[in-house]
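The next block holds one structure in the form of structure tokens; read it before the comments.
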Amino acid sequence: MGIPMSVDVPAPGGDPSRAERAVRRAFERLHEADRRFSRFRSDSEVSRFGRGELRRGELSADLGEVLALAEGARRASGGAFTVRRPDGSLDTDGVVKGWAARRAGDVLVAAGVAAFCLNAGGDVVTRGEPVPGRGWRVGVRDPAHAQRFLTVLELRDGAVATSGTYERGAHVWDGRTGAEATGLVSATVVAADLTTADVLATSVLALGPEGVAWAAGQGAWGVLAVTDDGRVLGDGAGLRSVAPRAG
């Protein structure tokens, strides 16, 4: 998927090789998702469907699920979320990264890995505790300063996703207008699972500032966004207390 991915499994206990095998299976699941959903691969299922070479009835259950999630997000956001680029091509990245990483995390859970942090290009799935009595610490980057955090979250069983323009430039479109999303430079969502967090983060970026309160009613535990003019907007999970950036 063109992004770095890693997993941290602290002191797995028991048979360490069992955790290692689970991690390998988790990454196999991610590679499988890349082969099926990458829009940069001409032979991927999503590329073939986008070109009209596959009909709806010929799609895999996985692609059907991803498209259903996208359609649900489109409706919930009033059309702001879209998997169609302005040129009409199909781009499921706004769903697939979180969906695939969540499924990789499910592999670890099913294998009995009690504590882990899976990082998919800055979007994170956490389970358990890295050390007894403390959750995983996830920093939310300041869009204006790569070495600064807006806040540091502590999670045990949850997920964090961020959608922003500060690294990749404008790559999210408002499906209502077909124009580049404006109003926010980043949107971070905390939720129970990474599929939800990832889709909501992209939706918030597409909606603009109004999306912060909207996401709180769509399953987000917390939302943190930064506007084009540097204001910090937060809702839920203690994020209202985030102070404006120093300097």
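The numbers here are math on the coordinates, done by the rules we state, and not lab data. Just so it is clear, the structure is predicted and the values come from calculations on it, not from any experiment. For neighbour counting, all protein chains shown are included, and Cβ atoms are generated from backbone atoms with ideal geometry for every residue, glycine included.
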Would you point out which residue out of Ala213, Ala197 is in a helix (DSSP H, G or I) and under 26 Å from Gly88 (Cα atoms)? Ala197
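Each row is one residue, and each column tells you yes or no for (1) farther than 30 Å from Gly78 by Cβ; (2) in contact with an Asp or Glu (Cβ under 8 Å, 6 or more places away or on another chain); (3) of a type in the set (S, T, N, Q).
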{"site": "Val140", "(1), (2), (3)": "no, no, no"}
{"site": "Gln147", "(1), (2), (3)": "yes, no, yes"}
{"site": "Gly175", "(1), (2), (3)": "no, no, no"}
{"site": "Ala181", "(1), (2), (3)": "no, yes, no"}
{"site": "Val199", "(1), (2), (3)": "no, no, no"}
Of the residues Arg127, Arg85, which is crowded, with 17+ Cβ neighbours inside 10 Å and out of contact with any His (no Cβ under 7 Å at 6 or more places or on another chain)? Arg127
Which residues, counting only those in region 42-70, are free of Cβ contacts under 8 Å to residues at least 12 places away in the same chain, outside any helix (DSSP H, G or I) and out of contact with any Phe, Trp or Tyr (no Cβ under 9 Å at 6 or more places or on another chain)? Ser42, Asp43, Arg51, Gly52, Glu53, Leu54
All conditions in (1) basic (Lys, Arg); (2) surrounded by fewer than 13 Cβ atoms within 10 Å (Cβ to Cβ); (3) within 18 Å of Leu205 (Cα to Cα) are true of Arg141 except (2)
Being surrounded by 24 or more Cβ atoms within 10 Å (Cβ to Cβ), over 17 Å from the mean Cα position of the chain (by Cα) and not in a helix (DSSP H, G or I), is that true of even one residue in region 175-182? yes
